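Data first, discussion second: the structure below is written as structure tokens.
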Amino acid sequence: MLTAAIMSRLPYLSGGALNALLQQVLPESGFEFDTLKEIDYWPNFRSGVQTRVEPDVIWHFDWGCVVVEVKRPGDGAQCSSQWYRELESLPEEYRERPVLFLALGGNHQHNQTLFAPLLERLEAEEMFEPLPQLFSSDWQGFAQSVFALCQADTGLWPNTDRRVLEDILAALTLYRVEYREHHLGDLAKLTYPSLGALSLLRDWPIHVSPNNKPKLAEGLSALALSGLRMTQPVGAIADLGAPAISAENHG
């Protein structure tokens, strides 16, 4: 459902918006992505090591294709042997032009460690010339790229681009993919009924200093905590099942 909800919207973007998005997801590839011709969903190929192989998505462009293997948020690491089967099973006509491979979802850092061994294997077996370019992105990074484009005021793209991008973000939100930067100071603006949603703080990079005062992890802006009071130790944020923070003025 996630794959279909996101990928099916890409063809509705203008060439400029699509290129801007995929340039962020597939950085420094050397290709333009404004000529999306077709999308294949779960094509069925035959591999030399497996009779049925189904890459999740293939984007076709004038210059070649991008093979995409998708994992849902929270599904964990991707598997290089699965990547190998999907690339090895590509029909000959696909390999006659450049091939890019995108691992979307799973642990981004782990995925990157799988690139070098896979490329060595493909090179030794002389299956591709040139070798495929390999890329990885988690869903949060993808969503942040979409959100950045929504906020950009280029004046060059039609209004429909913003609507499509917002639809993509709405679909990602259903899968609890967070793309906005949060600040603790924003909690003071919450009304009382909203505090039930504080379980979302589980993923905030917050830790406790030795004197038991909240300290923001590197990367978050330190905003004032006025208007908030702790009803439990800050360390309980990691195990929120009930609100650990309440607002002084519920409004």
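The values are calculated or read from the model by the stated rules, or taken from the named source; none is laboratory data. The shown structure was predicted, so the numbers you read here are calculated from the model rather than taken from an experiment. We place every Cβ from the backbone using ideal geometry, glycine too, and count neighbours over all the protein chains shown.
A few remarks follow.
- For region 95-121, a residue qualifies if it is surrounded by fewer than 17 Cβ atoms within 10 Å (Cβ to Cβ) and under 17 Å from P27 (Cα atoms), and the qualifying residues are Q109, Q112.
- Top-ranked residue of region 126-157 - restricted to ones that are out of contact with any strand residue (DSSP E or B) (no Cβ under 6 Å at 6 or more places or on another chain) and within 14 Å of E69 (Cβ to Cβ), ranked as surrounded by the fewest Cβ atoms within 10 Å (Cβ to Cβ): D138
- Conditions (1) under 17 Å from the mean Cα position of the chain (by Cα); (2) modelled with pLDDT of 95 or more; (3) among the small types (G, A, S); number of the one not met by G74: (2)
- Selected residue (only one of L149, L131 is at pLDDT 90 or above and within 30 Å of G48 (Cα to Cα)): L131
- Answer from L87, L131 - the residue that is over 30 Å from I168 (Cβ atoms) and more than 18 Å from the chain's Cα centre (by Cα): L131
- Region 1-93 holds helices (runs of 4 or more DSSP H) entirely within its bounds, and those carrying 2 or more residues that are among the aliphatic types (A, V, I, L, M) and surrounded by fewer than 19 Cβ atoms within 10 Å (Cβ to Cβ) map to 2-7.
- A single member of W59, W139, W83, W157 is more than 22 Å from A4 (Cβ to Cβ) and in contact (Cβ under 8 Å) with a residue 12 or more places away in the chain, and it is W157.
- Conditions (1) part of a loop (DSSP other than H, G, I, E, B); (2) farther than 18 Å from A4 by Cα; (3) out of contact with any strand residue (DSSP E or B) (no Cβ under 7 Å at 6 or more places or on another chain); number of the one not met by E123: (1)
- There is no residue in region 83-93 that is touching a helix residue (DSSP H, G or I) at 6+ places or on another chain (Cβ under 9 Å) and under 15 Å from L22 (Cα atoms).
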